[in-house]
Amino acid sequence: MTPPRRFFVETWGCQMNELDSQRMAGQLMQQGILPTRDPGEADIILLNSCSVREKAEQKFYSRLGEYRLLKKDRRDLLIGLCGCVAQQEGERALDRVPDLDFVLGPARVGELRQVVARRRAGERVVATGFPVERHYELDAISRHGEYKGMVTVIEGCNKNCTFCIVPQTRGPEQSRSMADILREVRHLLDYGFREIELLGQTVNHWREPDGGMDFADLLDRVAGLPGVERLRFVTSYPRDFTPRMVEQIGLHANICPYLHLPVQSGSNAVLRRMGRGYTREEYVALAARLRAARPDLALSTDIIVGFPGETAEDFECTLELVREVRFSAVYAFKYSPRPGTAALRLADAVDDASASARLQRLFALQEGIQRRINESLVGQEFDVIVTGWGKQPGTQTGRTPCHRVIHFDAASEPAPLGSMARLKVEKALPHSLLGRRLEVPVAAN
Ligand code: SAM
């Protein structure tokens, strides 16, 4: 008997890339090709890349260099470049890497099977661009090992922030219909998923393609489906938040009290050069409105330091905003110039040493804030979905509704993965919590 064929996927970047990897895995598994954790035994290697910062792109190319070596003894091994670098590089990637077999952009993920077949027939394929009709097969998604079901509601991005490559790599915005989205959510609930996460680069800019309904209606409909115990969505764009959306977050207890709301900078001058379309004051007011609607809401954010023209005073404004809003987590990055973006034309680059020093100051400030927020949770009880095993033997981990990682002792009686456990927070660590499991039945929302 011939051994089963195997594939290996490595994923960089955002949740949308994670879901794209699940979609690619599902298509191959439907053909009897099985996943492996060992690239050395794979017949197909898929590198699902991210190009949002230069570092991510470099990491990807060095990994590609390692996998190419496997081809020396395995002439039938296929290596595919997928994701945002694929869209960005297209044909150039095939010229640059002679051992590369195909290039598959994010909007063409649903065509993987056909692309592999064409390659097996001899063609080095470049499948990029943004077709109006995209293949999206509900039944061809491998959600193995996931406790939450991710559902893309809007593809692409129209914002054109001056630093960002996403509009080029993921194309213009395209919303899926409400009916399509609800069908996928119901499908996930039938499979036993309790947590649903709606995805989009600007998820709250979702609109019913035929007009009428917006993201507030979508939240209302999805949260109202029986069986949705937890609803999350990512990434929200500050300017697109309407009062009706804020209201929905207050109305539905199963919408998690956690929101990722990238601010990027606390300086109005920098926000203007970034083309974000809101001011620091508008952002702070929005955060206050959200917290008024949902007092337990945890907010996290993204910040770019060292954007061209960012002065020491601009950076102080960012620190001031961080102190004022008190985020539960800050994902901060040094500005990375990206090809084809408008910020390349901006003068007054910030030197690397200054940008690094600013990043360190920001991390230090946030660490203190985060520690104090985490300490304020000690003694509170949370219903947590058990998501995995901790690094310490005999411990398990989960996420609170407000998205904190929490570890707990499971040595005597482990909880089934995916089950709900009531935990009491006993200790705060800088980036996570330690809890104790309580023997109480956990009520569904
Ligand atoms: N669509 C989201 C938004 O901007 O509101 C997020 C897009 S991006 C995938 C995730 C984060 O990467 C951004 O929020 C930003 O902080 C960071 N990022 C994007 N482009 C960057 C660049 N050129 N340099 C550094 N960080 C960048």
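Overview of values
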read-out	value
Count of residues meeting criterion [charged (D, E, K, R) and within 16 Å of the ligand (Cβ to nearest atom)] in the stretch 284-335	4
Residue in the stretch 177-191 that is free of Cβ contacts under 8 Å to residues at least 40 places away in the same chain, part of a loop (DSSP other than H, G, I, E, B) and touching a helix residue (DSSP H, G or I) at 6+ places or on another chain (Cβ under 7 Å) present	no
Residue count, the stretch 122-149 (criterion: at pLDDT below 95 and either among the hydroxyl-bearing types (Ser, Thr, Tyr) or within 16 Å of the ligand (Cβ to nearest atom) (or both))	3
Among the residues listed as Ile154, Ile196, the single one being surrounded by 22 or more Cβ atoms within 10 Å (Cβ to Cβ), of a type in the set (Val, Ile, Thr) and more than 16 Å from the ligand (Cβ to nearest atom)	Ile196
Test: Gln31 is in contact with a His (Cβ under 9 Å, 6 or more places away or on another chain) and modelled with pLDDT of 90 or more	no
Residues of the stretch 64-106 satisfying the condition of being modelled with pLDDT under 95, β-branched (Val, Ile, Thr) and not in a loop (DSSP other than H, G, I, E, B)	Val85
Subset of the stretch 344-387 (residues that are out of contact with any Pro (no Cβ under 7 Å at 6 or more places or on another chain), within 12 Å of the ligand (Cβ to nearest atom) and either free of Cβ contacts under 8 Å to residues at least 24 places away in the same chain or closer than 22 Å to Leu261 by Cβ (or both))	Leu359
Filtered residue count, the stretch 107-134, keeping only those that are touching an Asp or Glu at 6+ places or on another chain (Cβ under 6 Å) and either closer than 20 Å to Gly171 by Cα or in a loop (DSSP other than H, G, I, E, B) (or both)	3
Thr341, sole failed condition from (1) within 16 Å of the ligand (Cβ to nearest atom); (2) buried (at least 21 other Cβ atoms within 10 Å of the Cβ)	(2)
Residue match in the stretch 127-147 (condition: more than 22 Å from Phe233 (Cα to Cα), of a type outside the set (Asp, Glu) and in contact with a strand residue (DSSP E or B) (Cβ under 6 Å, 6 or more places away or on another chain))	yes
Pair list, Cβ under 6 Å, 6 or more apart: the stretch 25-53 residue closer than 21 Å to Gln114 by Cβ and free of Cβ contacts under 8 Å to residues at least 60 places away in the same chain, other residue β-branched (Val, Ile, Thr) and within 16 Å of the ligand (Cβ to nearest atom)	Asn48/Thr11; Ser49/Val85
Out of Gln248, Gln264, sole residue that is of a type in the set (S, T, N, Q) and over 30 Å from Arg345 (Cα atoms)	Gln248
Test: residue in the stretch 315-326 that is surrounded by fewer than 17 Cβ atoms within 10 Å (Cβ to Cβ) and more than 22 Å from Ser376 (Cα to Cα)	yes
Qualifying strands (runs of 3 or more DSSP E) (wholly inside the stretch 347-445; at least 3 residues being of a type in the set (A, V, I, L, M, F, W, C))	381-389, 405-409, 420-428, 433-438
Pairs with Cβ under 7 Å, 6+ apart, first in the stretch 152-170 and within 12 Å of Cys84 (Cα to Cα), second among the aliphatic types (A, V, I, L, M) and near the ligand (Cβ under 9 Å from one of its atoms)	Ile165/Val52; Val166/Val52
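The values are calculated or read from the model by the stated rules, or taken from the named source; none is laboratory data. Here the structure is a predicted model, which means the values were calculated and not measured. No Cβ is skipped: glycine too gets one built from the backbone with ideal geometry, and neighbour counts run over all protein chains shown.
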